[in-house]
Amino acid sequence: MPAIEVVLGDLTTQHVDAIVTAANESLLGGGGVDRAVHAAAGPELAAAGSRLAPLDPGDAVATPAFRLDPPVRHVIHTVGPVWEGGGYGEADLLASCYRRCLEVADALGVRSLAVPAISTGVYGYPPADAARIAVSTLLGTRTGVDVVRLVAFDEGTRDLLETELAAQGGR
Ligand code: ADP
């Protein structure tokens, strides 16, 4: 299992091998964190993404990081579930996002990975439930990734992630 750390900050300025973006199925760039990632990586990111689209919810694929500053070499795009009340497989799909991101990272030899709070923005996933799933899935997945940095963009999300990490024995 990877070491997990929680930070408050901007995903696009993390010094890691790869960053995960919360994309939509088109991989052309969306709102929220995906908008910031596409802005930082440049228009090549949408061009590369469109060649791999459409991407199903729960899945992940990688592209180069293009204009993102080193050491970031890869962007891993994952599509979270849209929250529809919890009865539509949302929890399984969200767990699948985190698992697939680690699998894709492993295939690339990534050792450090930064991940946002997938689905908790525009897609409306309740943040406490999402934090529990993020931490439990990461802690429960066998991987060669040494460090997963969970990047929260607001203090509430940061606190939820830290609480889960402490409760689940990740730190
Ligand atoms: P989704 O469509 O999967 O809900 P969003 O991008 O709308 O994705 O939101 C996911 C999370 O990313 C939210 O917690 C949001 O506050 C956060 N976020 C937005 N911009 C950034 C950023 N630059 N760095 C890190 N997290 C961000």
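Here the calculated FRET efficiency for ASP159 and LEU108, from their Cβ-Cβ distance with R0 = 41 Å, stands at 0.85, rounded to the nearest 0.05. Across the chain, Cα-Cα distances exceeding 30 Å account for 7% of all pairs. Here the Gaussian network model covers the chain, with springs between Cα atoms less than 10 Å apart; of ILE133, ILE118, ILE19, ILE133 fluctuates the most.
Look at GLU162, GLU44, GLU5 and count the other Cβ atoms within 10 Å of each Cβ; fewest to most, that gives GLU44, GLU5, GLU162.
Rounded to the nearest 0.05, what FRET efficiency do GLN168 and ASP69 have when you use their Cβ-Cβ distance and R0 = 41 Å? Once the sixth-power term is evaluated, E becomes 0.80.
Taking every alpha-carbon pair under 8 Å whose residues sit at least 6 apart, segment 3-167 reaches a relative contact order of 30 percent.
Read-outs throughout are calculated quantities, based only on the coordinates presented, and are distinct from any laboratory measurement. A quick note: this is a predicted structure, and the numbers were derived from the prediction, not measured. Note that we place each Cβ from the backbone using ideal geometry, even for glycine, and neighbour counts take in every protein chain shown.
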